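Q: Sending over a structure as structure tokens; questions will come in a sec.
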Amino acid sequence: MTPWSRITRAWAEPAHLAILAVVSLVVAGGALAAYLVLKRDSDQSCPPPCTLEIDRPPKHAEQVKTVNWPYYGYDAQRTRYLPTERVKPPYDASDWSFQAGKLLEFSPIVVKGTLYFQDKDALLYALSADRGKVEWKKKIGALGAASPAYSHGVLFAVTLQRAPGVDQGEVLALRARDGKLLWRFPLPGRSETSPMAAGRNIFVGSESGDLYALDRKTGKVDWHQTTAGAVKGGLALQDGVLYGANYAGQVFALRASNGQFVWQSSTQGLSFGRGGPVYSTPAVAYGRVFLGSIDNRVYSFDEDSGDLLWSHSTGDWVYAAPAVADTPRTDPTVYVGSKDQNFYALDAKTGSVRWQQDLGGVILGGASVLGEVAYVAALGPNVGTFGFDVKTGKKVFYSDLGEYNPVISDGARMYLTGTSNIRAFQHETKAERKKKAARRQREQAKRRERQKRQREAKAARQQRQREARNAKHRRQREAHRAQRQGGASSGP
């Protein structure tokens with residue numbers, strides 16, 4: 001090798017390395033850019049000042065015997081929380097059981113002593129709350145998956161298919177007392193948004209991305225708004241503002257009076273800056289909007305601005321509607337299930353986990369909080385409906401009945417929805433247990449007394465039978481003896 005070639009080689013090697021380094025930096029920069037685009041954003045933490053708007057009821061609120069549960073989610077805010085001291089475990093045997101024979105994906109509503117619900121085939125039922133007897137039923141479409149709403153003596157329902165093979169639904173108004181059809185409004189797409197009724201309007205969404213405010217009496221359109229994705233969940237209402245979300249990951253608030261957007265926000269999504277689709281019906285409480293997303297997160301947005309305040313990741317889709325409750329024993333908490341089979345109790349202010357329970361089955365339906373117990377159902381073998389103490393997460397109730405949206409109440413009974421049937425339960429108090437024990441004792445005493453009388457009657461009957469047999473035998477012996485004596489006296 002010549003000196004020149006050695007010099008050339010000595011120069012070339014660093015140059016080659018430098019070129020490789022530059023190329024590597026370019027490639028690494030592209031990879032970093034691709035990662036930044038593709039990566040999943042981290043969960044959002046609640047920025048300071050992190051506060052909740054809490055409006056607690058008076059301590060000595062008036063106690064009522066029964067209440068109405070007129071919407072999916074109980075109230076207009078869809079909180080799914082009924083403060084009650086009456087409806088709680090342990091429960092007595094079911095008062096009644098009703099079998100629909102078809103899937104009941106959504107729970108009933110209950111108003112003035114009647115339950116209203118529809119099955120998978122869009123057959124709408126009215127069922128008496130005290131006996132579980134059908135008051136009326138009406139076919140309203142070909143496919144249905146939503147709870148009805150009640151307002152001013154009228155039921156409002158939506159369908160996924162208004163006729164077989166027609167992937168367009170309807171909104172229908174029916175007289176609650178007898179199911180008479182009052183009006184119907186065709187939608188441009190399917191609908192499973194459980195309606196919201198307020199004032200003169202009915203508010204619904206559609207998989208076409210459209211939102212409607214319909215006149216409660218006539219079904220005519222008062223306003224119409226479009227969004228960028230399928231609206232699946234129901235709309236929540238608070239102080240004249242509607243809150244909802246769609247499958248494009250949009251979260252929005254719009255005025256109930258005219259349909260104009262107040263704000264538009266987005267879930268964080270999985271990647272590419274796209275929001276995660278939302279099936280979950282939102283709940284509005286404490287100045288927040290809470291919902292779940294198919295991007296595996298639970299979210300809290302500011303009610304007034306739409307700012308994302310916190311998000312919490314789970315291991316799979318959060319398809320279910322959350323329940324939110326501020327009970328006497330707990331601070332404000334969000335109760336929500338995930339497809340990862342876990343049921344979460346999250347601090348409503350920060351999103352941190354208070355407790356969680358593995359149910360052993362996927363959770364697709366909304367939870368409900370009755371008093372101090374949070375109820376949720378899971379799908380899978382050997383699972384059903386669970387009730388957990390809201391403070392400790394301890395299991396205090398279980399039934400093998402339940403799959404989707406299992407529990408509602410009217411303040412007197414718990415109504416538990418299974419795959420295709422509904423049962424009614426009442427709490428068994430200590431006084432009632434004592435009464436029942438005393439009644440059992442009385443019944444046992446009566447049964448023992450009855451059995452004693454029966455034994456005595458049987459013994460007396462047997463004694464009479466013995467005496468009759470003995471008398472018969474005596475007569476037979478006397479006759480036989482007389483016959484022998486007569487034969488002896490007539491001898492030679």
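Q: Considering (1) at pLDDT below 95; (2) touching a strand residue (DSSP E or B) at 6+ places or on another chain (Cβ under 9 Å); (3) of a type in the set (S, T, N, Q), say which one THR417 fails and leave the rest.
A: Result: THR417 fails condition (1) only.
Q: Only strands (runs of 3 or more DSSP E) wholly contained in the stretch 402-492 count here; list those with 3 or more residues that are exposed (fewer than 10 other Cβ atoms within 10 Å of the Cβ).
A: So the answer is none; nothing clears 3.
Q: Sticking with this one: Working only within the stretch 37-71, note down all residues that are farther than 30 Å from ILE202 by Cα and either surrounded by 10 or more Cβ atoms within 10 Å (Cβ to Cβ) or modelled with pLDDT of 85 or more (or both).
A: If the condition is that a residue be farther than 30 Å from ILE202 by Cα and either surrounded by 10 or more Cβ atoms within 10 Å (Cβ to Cβ) or modelled with pLDDT of 85 or more (or both), then VAL37, LEU38, LYS39, ARG40, ASP41, ASP43, GLN44, SER45, CYS46, PRO47, CYS50, THR51 are the ones that fit.
Q: Considering only the stretch 405-438, state which residues are under 22 Å from ALA145 (Cα atoms) and among the small types (Gly, Ala, Ser).
A: Those that are under 22 Å from ALA145 (Cα atoms) and among the small types (Gly, Ala, Ser): SER409, GLY418, SER420, ALA424.
Q: What are the residues in the stretch 377-391 that are in contact with a strand residue (DSSP E or B) (Cβ under 7 Å, 6 or more places away or on another chain) and either open to solvent by 20 Å² or more (accessible area, probe 1.4 Å) or touching a residue at least 40 places away in the same chain (Cβ under 8 Å) (or both), if any?
A: Answer for the stretch 377-391, where residues must be in contact with a strand residue (DSSP E or B) (Cβ under 7 Å, 6 or more places away or on another chain) and either open to solvent by 20 Å² or more (accessible area, probe 1.4 Å) or touching a residue at least 40 places away in the same chain (Cβ under 8 Å) (or both): ALA378, LEU379, GLY380, PHE386, GLY387, PHE388, ASP389, VAL390.
Q: In addition: Out of the stretch 193-235, which residues are free of Cβ contacts under 8 Å to residues at least 60 places away in the same chain and charged (D, E, K, R)?
A: Selection gives ARG200, GLU207, ASP210, ASP215, LYS217, LYS220, ASP222, LYS232.
Q: Now for a different question. Under the condition of being in contact (Cβ under 8 Å) with a residue 24 or more places away in the chain and open to solvent by 10 Å² or more (accessible area, probe 1.4 Å), which residue from the stretch 360-372 is farthest from PHE106 (Cα to Cα)?
A: My answer is GLU372.
Q: Given the criteria under 16 Å from HIS312 (Cα atoms), of a type in the set (A, V, I, L, M, F, W, C) and assigned to a strand (DSSP E or B), does VAL262 qualify?
A: no
Q: Out of the residues in the stretch 72-81 that are of a type outside the set (Asp, Glu) and assigned to a loop (DSSP other than H, G, I, E, B), which is surrounded by the most Cβ atoms within 10 Å (Cβ to Cβ)?
A: ARG78
Q: At least 2 residues that are farther than 15 Å from PHE106 by Cβ and open to solvent by less than 10 Å² (accessible area, probe 1.4 Å) in each: list the strands (runs of 3 or more DSSP E) lying fully within the stretch 130-223 that qualify.
A: 170-175, 201-205, 210-215
Q: State which residue is farthest from PRO83 (Cα to Cα) when the search covers only the stretch 315-329 and only residues that are surrounded by fewer than 20 Cβ atoms within 10 Å (Cβ to Cβ) and not small (Gly, Ala, Ser).
A: ASP316
Q: Determine whether THR281 is under 21 Å from the mean Cα position of the chain (by Cα) and either of a type in the set (Val, Ile, Thr) or open to solvent by less than 10 Å² (accessible area, probe 1.4 Å) (or both).
A: It is true that THR281 is under 21 Å from the mean Cα position of the chain (by Cα) and either of a type in the set (Val, Ile, Thr) or open to solvent by less than 10 Å² (accessible area, probe 1.4 Å) (or both).
Q: Continuing with the same structure: Can you name every residue in the stretch 242-278 that is crowded, with 18+ Cβ neighbours inside 10 Å, farther than 23 Å from GLY337 by Cβ and among the aliphatic types (A, V, I, L, M)?
A: If the condition is that a residue be crowded, with 18+ Cβ neighbours inside 10 Å, farther than 23 Å from GLY337 by Cβ and among the aliphatic types (A, V, I, L, M), then LEU242, ALA248, ALA253, LEU254, ALA256 are the ones that fit.
Q: Looking for whichever is of a type in the set (S, T, N, Q) and within 14 Å of the chain's Cα centre (by Cα) here; the options are SER352, SER368, SER313. Which one fits?
A: It is SER368.
Q: If you don't mind, there's one more thing I want to ask. Quick one: which residue in HIS473, HIS427 is more than 30 Å from GLY402 (Cβ to Cβ) and not basic (Lys, Arg)?
A: HIS473
The values are calculated or read from the model by the stated rules, or taken from the named source; none is laboratory data. Because the structure is predicted, anything quoted here is derived from the model rather than measured. Counting neighbours? That spans all protein chains shown, and the Cβs are built from the backbone with ideal geometry, glycine included. To get the accessible areas, we keep the full protein, side chains included, count just its heavy atoms, and leave off ligands, DNA and RNA. Shrake-Rupley method; radii C 1.70, N 1.55, O 1.52, S 1.80 Å.
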